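Just below is one structure, and these are the notes that go with it.
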Amino acid sequence: MLFFELIKALILGIVEGLTEFAPVSSTGHMILVDDMWLKSKSFLGPESAFTFKVVIQLGSVFAAAWVFRHKYFEMLHIGQYAPEKQEGFRSKPRRLKLTHILVGMLPAAILGFLFDDLIEKYLFSVPTVLIGLFLGAVYMIIADKFSRSVRKPIKVDDITYFQAFVIGLSQAIAMWPGFSRSGSTISTGVLMKLDHKSASDFTFMMAVPVMLGASVLSIVKHFNYIEPSHILFYIFGFIAAFIVGFISIKTFLKLIQNVKLLPFAIYRIVLVVVIAVVYYGIIK
């Protein structure tokens, strides 16, 4: 494994960690950074390069799981985080439950199982990703504008099962590459009158088990394409994605309530222009 190939693994892991849970589309960034620049397929091969992207995505998923570990422990009634062991438990009868997460996961799990291969075959192209990036930006702007009319936003512990289902259903939109899972679900959460932070919290907690299951299944499916000579490449990318993912998720959750979605929407539109210019050779 050459030194420069390991540097490429680090770069791709960093890009994955920065973009997987931000509402900016990790797919769009991978097209720009990998398909148009680093070209991991050229030294890994198409199948192995795809598996590498699944592995680094898993790094980001583990980072999100670590960030929300206390909340998962609370929902699973594990140790000191069990609700009944927390101060003020009796005065707070409503709180987010594991069943809310399961209700939110259900639509994505069913649709992903039914249409994953078709989406991978027909929708993973630069033009379709550009469309997804742009439409996702418009959806985020609409959600931000709507949020200004909400006088008393809903907190994450007050989410109803209906709201959880609708937010989960919006992941179907994100099956279109470039639309962004977090972009669609956070926007839908805001449209369901959640505040931006609560919509983000629920989005990430709901995404972890869905993405974990999808990543593991994909790795099992493509396991034969993992070559021993590429293991170090995978490890470097995974570690980079985990570390950067952890930092970016923590930072995003601190920023989102103040900056809202508009800056990310504007960034997506700029990204559309950049990718289009590079891909179509408008500037040579």
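Return the residues of the stretch 189-215 that are touching a Leu at 6+ places or on another chain (Cβ under 8 Å) and hydroxyl-bearing (Ser, Thr, Tyr); say none if nothing qualifies.
Once the filter is applied, which keeps residues that are touching a Leu at 6+ places or on another chain (Cβ under 8 Å) and hydroxyl-bearing (Ser, Thr, Tyr), the stretch 189-215 yields Ser200, Ser215.
Filter the stretch 97-143 for residues that are within 22 Å of Val278 (Cα to Cα), among the aliphatic types (A, V, I, L, M) and touching a Lys or Arg at 6+ places or on another chain (Cβ under 8 Å); which is surrounded by the fewest Cβ atoms within 10 Å (Cβ to Cβ)?
Ala137
Which is closer than 27 Å to Thr128 by Cβ, surrounded by fewer than 20 Cβ atoms within 10 Å (Cβ to Cβ) and modelled with pLDDT under 95, of Ile173, Ile275, Ile231?
Ile173
Name the pairs whose Cβ atoms lie under 9 Å apart, with the first residue in the stretch 155-184 and over 28 Å from Gly28 (Cα atoms), the second of a type in the set (Ser, Thr, Tyr) and modelled with pLDDT under 95, and 6 or more positions between them or separate chains?
Between residues of the stretch 155-184 that are over 28 Å from Gly28 (Cα atoms) and residues that are of a type in the set (Ser, Thr, Tyr) and modelled with pLDDT under 95, the close pairs are Tyr161/Thr99.
Among helices (runs of 4 or more DSSP H) lying entirely in the stretch 169-284, which contain 1 or more residues that are under 17 Å from the mean Cα position of the chain (by Cα), on the phi < 0 side of the Ramachandran plot and acidic (Asp, Glu)?
Here the list reads 196-221.
Run down Val138, Val150, Val166 and say which single residue is assigned to a loop (DSSP other than H, G, I, E, B) and either over 25 Å from Asp35 (Cα atoms) or modelled with pLDDT of 95 or more (or both).
Result of the check over Val138, Val150, Val166: Val150.
The values are calculated or read from the model by the stated rules, or taken from the named source; none is laboratory data. In this text, all values refer to a predicted model and were calculated from it rather than measured experimentally. Heads up, the Cβs are rebuilt from the backbone with ideal geometry, glycines too, and the neighbour counts pull from every protein chain shown.
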